[in-house]
Amino acid sequence: MSGVRLLVVGAHSADFVWRAGGVVANNTSAGGTSVVVALSFGERGESGELWKLPEQTEQQVKDIRRSEAEKAAALVGAELVCMDLGDYPLVVDDAALERLRDVIRRLRPEVVITHPAVDPFNPDHPVAHEATRRARLLSSGAGVASAFETVPPSQFFLFEPHQPELCGFIPTTFVDITASFETKRRAMEAMEAQKYLQQYYTERAGHRGNHARKVTGDSSIGYAEAFQRITPQVVSLL
Ligand SMILES: [Zn+2]
């Protein structure tokens with residue numbers, strides 16, 4: 001297993017931890033380069049524990065969320081890029097789209113992962129999907145010589161949303177994260193503002209591990225993360 005240049009784009013600063021923390025940790029320990037973009041800190045809509053405190057302010061929540069995400073990113077060995085675009089609602093204007101495109105040009109990722117296009121429970125996750133989809137295409141063009149700087153096209157995946165069936169998510173790829181699961185657990189624990197998700201995503205990784213064992217017959221798989229492949233895989237043998 002050799003690592004790749006991996007880019008994960010989340011609407012909020014913790015999204016990558018729950019849904020792709022294991023694959024990021026795997027990639028880093030395999031010698032790859034991992035970059036995580038947080039389009040916002042999730043300061044308004046995804047920082048539940050922090051808003052229980054009296055006299056809380058948005059700036060304070062943002063500061064805490066940034067330090068939590070930095071800690072989680074460091075644990076899984078990723079560079080964290082915070083774009084601070086605001087959440088609930090997340091708005092990605094033309095300037096922000098260009099910033100995201102420039103991250104892709106700089107990293108030249110071989111793999112890009114983001115949210116599914118549909119999420120009936122979240123106003124921001126589909127916005128992050130659309131921005132990532134567009135930035136990826138604006139950086140790679142149409143696979144031909146273009147009037148702008150292009151980088152090679154990346155493989156495009158979706159990470160697993162909270163309620164997969166209702167987001168139209170079909171798992172096409174399981175990543176065995178057994179070896180990195182303790183690292184992922186520590187990264188999840190770093191996101192203290194969303195303690196309520198830690199048990200949930202531990203259970204999810206266990207269920208996906210079960211599914212991965214069934215697909216492969218490999219009884220050594222304890223935990224897995226599920227992804228949906230969007231771009232076709234190109235191989236010389238099946
Ligand atoms: Zn989110």
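Read the figures in this text as sums done on the coordinates, not as results from a lab. Remember, predicted model here, so these are calculated numbers, not experimental data. Neighbour counts run over all protein chains shown; Cβ positions are idealised from the backbone, glycine included.
3J(HN,Hα) along region 102-116, derived from phi through the Karplus expression 6.51 cos²θ - 1.76 cosθ + 1.60 where θ = phi - 60°, amounts to 5, 4, 5, 4, 5, 7, 6, x, 8, 9, 10, 10, 8, 6, x Hz, with x in place of Gly and Pro.
Pair-distance distribution of the chain: all C-alpha pairs, bin width 10 Å, starting at 0; shares per bin in whole percent are 8, 33, 39, 17, 4, 0, 0. Values of log10 I(q)/I(0) for region 150-238 across q = 0.12, 0.14, 0.15 Å⁻¹ run -0.45, -0.60, -0.68, by the Debye formula with one identical scatterer at each alpha carbon and no solvent. Excluding the site residues themselves, the longest part of the chain lacking any chymotrypsin sites (Phe, Trp or Tyr not before Pro) in a DSSP loop with at most 12 other Cβ atoms within 10 Å is 1-120.
Less than 5 angstrom separates the built amide H of VAL4 from those of GLY32, THR33, all sequence-distant by 5 or more or on a different chain. What the phi angles of region 215-231 give under the Karplus curve with 6.51, -1.76 and 1.60, with θ = phi - 60°, is a coupling list of 5, 9, x, 8, 6, 7, 7, x, 9, 8, 10, 9, 9, 10, 7, 9, 7 Hz, glycine and proline written as x. Note on LYS195: lysines with a C-alpha under 25 Å away, same-chain residues under 8 apart excluded, are LYS52, LYS62, LYS71, LYS184. Residue order for GLU43, GLU225, GLU68, GLU130, fewest other beta carbons within 10 angstrom first, comes to GLU130, GLU68, GLU43, GLU225.
Based on other C-beta atoms within 10 Å, arrange SER140, SER40, SER220 from fewest to most. Please report the intermediate quantities before stating the final value.
On the way: SER140 19, SER40 29, SER220 9.
By the 10 Å Cβ count, ascending, the order reads SER220, SER140, SER40.
Over region 1-119, all Cα pairs binned in 5 Å intervals from 0 give whole-percent P(r) values of 2, 12, 22, 22, 20, 13, 6, 3, 1, 0, listed from short to long.
Backbone amide hydrogens, once placed in the peptide plane, bring ARG44 within less than 5 Å of ASP87, excluding anything fewer than 5 places away on its chain.
Phi angles of region 176-186 translate, via the Karplus equation with coefficients 6.51, -1.76, 1.60 and θ = phi - 60°, into HN-Hα couplings of 6, 10, 4, 5, 9, 5, 5, 5, 4, 4, 5 Hz per residue; Gly and Pro are given as x. Using a 10 angstrom cutoff on alpha carbons, build the Gaussian network for the chain and name the most mobile of ARG185, ARG99, ARG133. For the chain, modelled as a Gaussian network with Cα springs under 10 Å, the answer is ARG99.
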